[in-house]
1. Can you tell me which residues in the stretch A:80-96 are within 19 Å of A:Arg389 (Cα to Cα) and in contact with an Asp or Glu (Cβ under 8 Å, 6 or more places away or on another chain)?
2. With respect to A:Ala281, determine if the residue is surrounded by fewer than 22 Cβ atoms within 10 Å (Cβ to Cβ) and either at the interface with chain B (Cβ under 7 Å from one of its Cβ atoms) or under 19 Å from B:Ser284 (Cα atoms) (or both).
3. Could you check how many residues of the stretch B:337-359 are in contact with a Gly (Cβ under 6 Å, 6 or more places away or on another chain) and within 14 Å of chain A (Cβ to nearest Cβ)?
4. Suppose we keep only residues that are at pLDDT 95 or above and more than 17 Å from A:Leu350 (Cα to Cα) within the stretch A:368-386. Which one would you say is farthest from the chain's Cα centre (by Cα)?
5. Can you name the residue in the stretch B:268-278 that is within 7 Å of chain A (Cβ to nearest Cβ), out of contact with any Ser or Thr (no Cβ under 6 Å at 6 or more places or on another chain) and in a loop (DSSP other than H, G, I, E, B) and is also surrounded by the most Cβ atoms within 10 Å (Cβ to Cβ) among such residues?
6. Which one is farthest from A:Arg288 (Cα to Cα) among residues in the stretch A:248-261 that are at pLDDT 95 or above and more than 7 Å from every other protein chain (Cβ to nearest Cβ)?
7. Can you give me the ranges of the strands (runs of 3 or more DSSP E) entirely in the stretch B:37-143 with at least 3 residues that are touching a helix residue (DSSP H, G or I) at 6+ places or on another chain (Cβ under 7 Å)?
8. Mind checking whether some residue in the stretch B:83-106 is at pLDDT 95 or above and in contact with a His (Cβ under 6 Å, 6 or more places away or on another chain)?
Number of protein chains: 2
Amino acid sequence: MRIDEKRFRADFEALNQFGKTSEGGVNRPALSLAHLAARRWFREQIEQAGLQFQMDAAGNHSAFLACGPEGAPSLLIGSHLDSVPNGGRFDGALGVLAGLQVLRSIQQAGLRLPVNLELFDFTDEEGSLAGDFLGSRAFTGTLDRDLLEGALAAPESTLAKALGGAGLSLKSILGAAAEALPVEAFLELHVEQGPILDDEGVPVGLVDVISGKRYLWCSFQGEAGHAGTVPLEIRRDAFLGLADFALRATRHVATRHYGSFVTIGKARIHPGAFSIIPGRADFSLDFRSRSPKTLAALETELRDLAGEIAATRGLRFASRLMDATDPVIVPERLRIVLERACSARGYAHLDLASGAGHDAQILAAAAPTAMIFIPSPDGISHAPEESVRWDDLEKGANILLDALALLASK
Amino acid sequence: MRIDEKRFRADFEALNQFGKTSEGGVNRPALSLAHLAARRWFREQIEQAGLQFQMDAAGNHSAFLACGPEGAPSLLIGSHLDSVPNGGRFDGALGVLAGLQVLRSIQQAGLRLPVNLELFDFTDEEGSLAGDFLGSRAFTGTLDRDLLEGALAAPESTLAKALGGAGLSLKSILGAAAEALPVEAFLELHVEQGPILDDEGVPVGLVDVISGKRYLWCSFQGEAGHAGTVPLEIRRDAFLGLADFALRATRHVATRHYGSFVTIGKARIHPGAFSIIPGRADFSLDFRSRSPKTLAALETELRDLAGEIAATRGLRFASRLMDATDPVIVPERLRIVLERACSARGYAHLDLASGAGHDAQILAAAAPTAMIFIPSPDGISHAPEESVRWDDLEKGANILLDALALLASK
């Protein structure tokens, strides 16, 4: 069996029209008009292929292939059709479209398996509405109810509007997990979103661990004042506290926890004028590690570091945990299956960690999960310039096909 | 002669109603409805006092007291009735209202002098529309035409709207200086906006130098990327460049140019998301010194430092000069007059520099200028909590009165 490469390309061309941007990417935040249009198109493809379209109470779309006995557990594949604002064409879409080719191939081959197969397009993987992984978290019953209620209660809540527009509600989303059928395993094909495979010239990556992460929203509070009258040595400049923290936190992670990550991607200075000393600096803190122990240590160490800087500089520090996902180790059993699939086709492969989070990480709460990566040229991700080589894309889809068939027939 | 303290307080109470905020301050950005209302009230006071109301082509309002021969040069006093957004009640207003009491007292005393007197309320001292000191710069013919044209050409230009609403135009403003009569000297009474007089318990400050300043709008450009996939050691994180610069620039100024100031009051990170490495960090850079030499050196040194940091971190640095005022040294002749006024009344006084910019600094291009400060309790400025002690306020106004009379009669 092979996937139909012509069809695969044609599907991409069709899908890329939804939310297409002038810069060459797509803009399909979850439940936006472009995203909903992409999902309608996806549903048509499912139905035209003679697969069974399903939608759960969290708005996750799926294509069900009843190739096994009724009531048998399902083997799941999939990813997501939503994108970050002004994102790329392949992040998420690759796993969904490859999954569609895979189901078509298995269906056409008339394979009878001991399990059924189901391809998912999970809702809001990118977290446009209320934290990452809304759909897969709903599916696995791991949603944070407080976070959702907070997002719904916010003035002009985008979540409330989007849910209403899609016919969903907090109640339906929180109840989605109860409907889910038993899952045998989950496989996700995705672009790497980093430079390793491209640098090494290897077409396939087999993920051994998906990093865990913490999102904190933090604040240094000092005292505003006139930029021309308050001497430097008596200032309590909140931005200088943030600057100090940014440099020292980066050094700390780089030297003490090599291979882990820390990023300050967002900052707001108050009151925010040329001639006013910053009285407050709010900022995001994202840190990641493949080790649960390091992740927990980092949370303590980074808060302590911020507290120490605050004390030295006459500031106050506060932080609030916004999101948390734990590292997931891919079971050896699944990795062996993926390695066999690569060997059989003669594709070089590399074991690597996923620094980005994925639905697969969330699905791990419900079933063994594994991931296949293909190279991201220059490591570009979450940007219109994100690309893939068609050759790699077809290799990845064929590995997904073979691995699924191997897993299913065991 | 003394100013009428009861009247002075009543005037403040009346003026504070215009743009009054719930936090106890005023919100009177230049040419806003609240500012225009305050100016109408001021005009009524001028006319009721039997002074001559005048408005120049830059919208500067003034009260003319013809106490000297026709065509004689004028001695100017004044400040501004506009405030920063959500500012305090005394910054600017103090100099205008004290000036009004001073003119009333001289008029009532029937003083005949060799000069005429004129009290100014300059337009947009706080730079809400197009850089600081629009009115005093227009008056002295030191406007930056490019800056104004840029501000007018901006989409939804607040300047264009405000000028239109006040019956002004670029042409009228640029022509205002040509109308100005010869000026003998300019005196400005102002709150200190810093903590020195309050800390020292001295009611009057005599400014010996007004600091010069530079406003630069700067940018570090790096490369955006995924916060979970790009290793720390290969990142080109624009925000870390800014953090490094903020700390090193502060240390540089504090250690090499003690007494000068540097402030980063505004920053914007792009694209600005939890999980995206900052690809660009734009920020404001405000630095000040009482020495023209230091100011020029700082411009070079800070740009060099930023360039060095950019080179080390794989970033690019760019900057644009947005505003510049040069330091002004108060002529000894004027300081001696002010000292004599203090001595005559038995008021303790302190020589000090003004770190903030003032209309007096701009007027220095046209005439000798001097400034009198009164204490700002706790140094609070540009905030609703800004305050003064009534006792200090009356002392300041009386020194203005006496100094003006001394200067005029010389």
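1. Filtering the stretch A:80-96 for residues within 19 Å of A:Arg389 (Cα to Cα) gives A:87-96.
Residues satisfying the conditions are A:Gly87, A:Gly88, A:Arg89, A:Phe90, A:Asp91, A:Gly92, A:Gly95, A:Val96.
2. Details: surrounded by fewer than 22 Cβ atoms within 10 Å (Cβ to Cβ): no; either at the interface with chain B (Cβ under 7 Å from one of its Cβ atoms) or under 19 Å from B:Ser284 (Cα atoms) (or both): yes.
Considered against the rule, which asks whether it is surrounded by fewer than 22 Cβ atoms within 10 Å (Cβ to Cβ) and either at the interface with chain B (Cβ under 7 Å from one of its Cβ atoms) or under 19 Å from B:Ser284 (Cα atoms) (or both), A:Ala281 comes out as no.
3. Filtering the stretch B:337-359 for residues in contact with a Gly (Cβ under 6 Å, 6 or more places away or on another chain) gives B:350, B:352, B:355-356.
Those left that are additionally within 14 Å of chain A (Cβ to nearest Cβ): B:352, B:355-356.
Of the residues in the stretch B:337-359, 3 are in contact with a Gly (Cβ under 6 Å, 6 or more places away or on another chain) and within 14 Å of chain A (Cβ to nearest Cβ).
4. Only one residue tops the list, namely A:Pro368.
5. By that ranking, first place goes to B:Pro278.
6. Our first condition is that a residue be at pLDDT 95 or above; within the stretch A:248-261, this holds for A:248-257, A:260-261.
Among the residues that remain, those that are also more than 7 Å from every other protein chain (Cβ to nearest Cβ) are: A:248-249, A:251-252, A:255-257, A:260.
Working: A:Arg248: 16, A:Ala249: 13, A:Arg251: 15, A:His252: 13, A:Thr255: 15, A:Arg256: 14, A:His257: 10, A:Ser260: 6 Å.
Applying the filter and picking the extreme gives A:Arg248.
7. Details: elements: B:52-55, B:61-65, B:74-79, B:116-121.
Passing ranges, in order: B:61-65, B:74-79, B:116-121.
8. Within the stretch B:83-106, one or more residues are at pLDDT 95 or above and in contact with a His (Cβ under 6 Å, 6 or more places away or on another chain).
The values are calculated or read from the model by the stated rules, or taken from the named source; none is laboratory data. Not measured: the values here are computed from a predicted model. Note that we place each Cβ from the backbone using ideal geometry, even for glycine, and neighbour counts take in every protein chain shown.
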